[in-house]
Amino acid sequence: MNKHLLFLLLFTLFGRAQDTSAVRLVDLNEIILWATKENDSLLAGPMAVQRVDFSKLLARSSGQNLNDALRGVPGVWAQNAVNMNQDLRVSIRGFGARGAFGIRGIKILLDGVPETTPDGSGQVDHIPSVLLSSMDVLRGPQGAWLGSGASGALVMRTRDDLGTARWELDGRLGANGYQQLTALVQNNHNNGHSLWMINQQSAEGYRANSSYQSQSALYKRLWRGALQGKWRWMALYFKSPQAQDPGGLTLEEWIESPSQARKANVDFQVDEQVTHAQSALNWQLGKGNTQSHAYAYISYRDFSATLPYKTAGATAFTRWYGGGGYQTTTTKSWGLLGWGASYQSQKDQRQRFDNLNGTVGSAFSDQKELYTEGAVYSHISRVLGDFTGSGSLRVSRVSIGVPPSSTEYFPVSPSLSIQWNKPKDWMIYSLWGSSFETPTLNELSQNPYGISGFNPELTPSTYRSWDIGAKSTRSGQPWSVALYGIWGNNEWAPYTLSGMGERVFFRNQGVSKRLGAEFNWEKTWEKWTWSHSGQWQKTVIDPVEEGSPSHMPGVPAHQYWMALSRQSSGWNLSWEHLWAGGVFVSNSTYQKTKASYQSHVGFSKTHRWGNHSLRLHGGINNLWNAALLDQVRINAFGGRYFDPAPGRTFFMGLHFRR
């Protein structure tokens, strides 16, 4: 970090204090535990962050997944909008782009509780969009605040209540057999209220062998207890009996017939089944200038899947994971001081079998895998005149292994920031951050040296970052700009081996450097809202072999998004357009997809009478019927990089409140 910035930050932290009454301070609690939709101090903090309001989003989108919510966030690239077998894949500033499936390297929080497993893998297939109220997208390494595997974060919040309504019904239909039905009911109690939700989704899919179905239920209770403070308890159950995978196509197959499935995926009946259950308890107490928070959670996932090859082509695991944490923050005359501790653990019982054309064959491997992480952390903010300096530090102990052996790591993740608050409606900031990312248990279990145990050569990655930015939360015209650099060690990448079929292994690739710029701007006047966002990024990584490419596959270097909407007399009309540059498909080739563009339009009309309301909404995705990709499977075996997306599709829905 620049020595002049460090000197200025230390001077700010330890210099003569000023009154904090006119300055917004970032409280860790608002990020980690109890962030409410109405509280905007996170948005005013010294970091690149953007909030998505689902009450507006769901009135103009299909609600099929979170892809629609992330499309306009700079620095974010989301894939797998319709392939539920692979789950939604999200990358933030390139982190997560090379995961085999799901969300990697990005921390997911749901109502203040980790939704990401302790080892760093994340799925959101069990979280219906219609259940969410808002989501904050944090860009850049956040290891000091959020722990291992936090090179970005999705901070999601479910709805706490239905407002003046007692119950809601929501139904959605779309192309390729898509349908979603949701019912929500609120019960009021003497000291609080509870919320019930049931949801059912299904689709036949655009491509052959791509159907899915799921059911979920949620119960949420909020109350003030006799032991003081606010309490929140949530229980969620999710079951997906089917989520087929049509597989990746070669370029020639894509051109010939984009809706076809790969033959091997049909022959081996590639599919997955998931049962997921979780329960979480949150507690918050405000006493004077001190805020205390605690949480505890436990989750269970039963997973089985078939893959498009015979040897070890059927996999299953049962997973238990959970943990808890406590933290407290106190506002002083000179700033803010906070500390906390957390612990989480994960146990996987992983089995692999041969896949005999969709039938589970003989056992290939069976092993127990363990992951634990304990941490203590602290945070301090100091105000000096027009400046606010902040520092955070997390010290962790991580243990990973196949009993009876294990490997331990002791990462230290610091963070320093300074912000200038002099302008009335905006601020300038600089943030130096870090993160530490271990391989997941699944990645480690892909051992090229044997049928059991972990890959002994795969080690954790570390990152250091520096952001310089400015932003405004001014009503009617928020905007932000950010410049960043991120330097990493031991980047990892997937690969395949000759003679090992299509099994995917992982290896450390070396040193990386990311440079980028992001912006977003929104202007509201009268009944119109005009929004823009964009990004540029360049990533250089040590080549796998001498003379090989050094680019980052899986993410575009450029993106630009624009949206225009109008609200009037119960009508809501919207149009959005996204342009994205081409994507490299592999670490070992310069092959690149073409630049893509996509437009989407939506409308809604709301009728109100008494305590009732009825909203009709609909729209068109991919308005110009462009040839788009649902995802790029980087480094895929046999050049099968391409998962085609649907062409022009229609959706509609009804939402009733009483």
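Scanning region 516-534 for residues that are over 17 Å from Pro478 (Cβ atoms) and under 21 Å from the mean Cα position of the chain (by Cα) turns up Gly516, Ala517. The residue list Lys239, Lys310 contains one member that is within 29 Å of Ser362 (Cα to Cα), modelled with pLDDT under 95, of a type outside the set (Phe, Trp, Tyr) and surrounded by fewer than 20 Cβ atoms within 10 Å (Cβ to Cβ), which is Lys310.
Looking at the structure I just gave you, is Asn635 in contact with a Ser or Thr (Cβ under 6 Å, 6 or more places away or on another chain) and either outside any loop (DSSP other than H, G, I, E, B) or small (Gly, Ala, Ser) (or both)? It is false that Asn635 is in contact with a Ser or Thr (Cβ under 6 Å, 6 or more places away or on another chain) and either outside any loop (DSSP other than H, G, I, E, B) or small (Gly, Ala, Ser) (or both).
Can you report the number of residues in region 460-477 which are surrounded by fewer than 21 Cβ atoms within 10 Å (Cβ to Cβ) and more than 21 Å from the chain's Cα centre (by Cα)?
Taking region 460-477 and keeping what is surrounded by fewer than 21 Cβ atoms within 10 Å (Cβ to Cβ), we get 460, 462, 464, 466, 468, 470, 472-477.
Next, only the ones that are more than 21 Å from the chain's Cα centre (by Cα) stay: 466, 468, 470, 472-477.
Of the residues in region 460-477, 9 are surrounded by fewer than 21 Cβ atoms within 10 Å (Cβ to Cβ) and more than 21 Å from the chain's Cα centre (by Cα).
Under the condition of being assigned to a loop (DSSP other than H, G, I, E, B) and either in contact with a Pro (Cβ under 9 Å, 6 or more places away or on another chain) or in contact (Cβ under 8 Å) with a residue 40 or more places away in the chain (or both), the residues counted in region 103-117 number 6. Number of residues in region 504-529 that are under 22 Å from Ser569 (Cα atoms), exposed (fewer than 14 other Cβ atoms within 10 Å of the Cβ) and in contact (Cβ under 8 Å) with a residue 12 or more places away in the chain equals 4. Sort out which residues of region 150-198 are in contact with a helix residue (DSSP H, G or I) (Cβ under 7 Å, 6 or more places away or on another chain) and of a type in the set (S, T, N, Q), and write them in order of number. Across region 150-198, the qualifying residues are Thr158, Thr182. Per this entry, Ile634 is not counted among residues that are of a type in the set (Val, Ile, Thr) and modelled with pLDDT of 95 or more. For region 206-221, the count of residues that are of a type in the set (Phe, Trp, Tyr), in contact with a strand residue (DSSP E or B) (Cβ under 7 Å, 6 or more places away or on another chain) and open to solvent by 70 Å² or more (accessible area, probe 1.4 Å) is zero.
When Glu408, Glu457, Glu443, Glu437 are checked against the criterion of being surrounded by 22 or more Cβ atoms within 10 Å (Cβ to Cβ), out of contact with any helix residue (DSSP H, G or I) (no Cβ under 9 Å at 6 or more places or on another chain) and closer than 30 Å to Thr315 by Cα, Glu443 stands alone in meeting it.
Enumerate the helices (runs of 4 or more DSSP H) found wholly within region 1-102, keeping only those where 2 or more residues are open to solvent by 10 Å² or more (accessible area, probe 1.4 Å) and modelled with pLDDT of 85 or more.
Details: elements: 3-14, 28-32, 54-57, 67-70.
The helices (runs of 4 or more DSSP H) meeting that bar are 54-57, 67-70.
The values are calculated or read from the model by the stated rules, or taken from the named source; none is laboratory data. Quick caveat: nothing in here was measured; it's all calculated off a predicted structure. Please note: Cβ atoms are built from the backbone with ideal geometry, for glycine as well, and neighbour counts cover all protein chains shown. The protein model used for the area step is the full one, side chains on, heavy atoms only, and it has no ligands, DNA or RNA in it. Shrake-Rupley method; radii C 1.70, N 1.55, O 1.52, S 1.80 Å.
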